[in-house]
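Each value in this text was obtained by applying a stated rule to the coordinates, not by laboratory testing. These numbers come from a predicted model, not from an experiment. Backbone-built Cβ (ideal geometry, glycine too); neighbour counts: all protein chains shown.
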Amino acid sequence: MRVVLDTNILVSGLLHNGKPRRLLELAVQGKIEIVSSVEMIEELGEVLSREKFGLRKEEQAIMLDFVIRVSRITVLKSKFKAVKEDPDDDTVINTAYDGNADYIVSGDGKVLGLKQFGKILIMKADDMLKLVE
């Protein structure tokens, strides 16, 4: 089961206990395979460096390294424009498409609103956990 975890899910999973954290644990256990891209990793780094999270550079580096280690990094070739309201969210769609993902897990209403892109199902963390556990 190949899954793209949107940046909001990754940040939540890295910083808090809860359903997104459980998805990361399932990846470590090999029950799901996280698909990502350099572009998504760069966005995650930018988000983790925001002052509101209060993370030291070392903490940010450890978190990024963890995500890279538990992810299969795909090279983006597609340029789909699926999220009209926020073109930055197209990176998630293109990562899932180019990485042959089965699912996208997001907490972003604009991404969730698509429900599906091609054969890729888009859902909340709770729904993904119901499928896996």
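A few comments on the model shown:
- 24 Å Cα-Cα threshold exceeded, pairs from 19/52; 31/52; 19/81: 31/52; 19/81
- Neighbour counts of other Cβ atoms within 10 Å put 83, 3, 38 in the fewest-to-most order 38, 83, 3.
- Summarised in one figure, the compactness ratio Rg/Rh of the chain, Cα atoms and Kirkwood Rh, is 0.93.
- Taking other C-beta atoms within 10 Å as the exposure proxy, 4, 75 rank 75, 4 from fewest upward.
- Dipole check for the chain: with +1 at the C-beta of Lys and Arg, -1 at the C-beta of Asp and Glu, and the Cα centre as origin, the magnitude is about 320 Debye.
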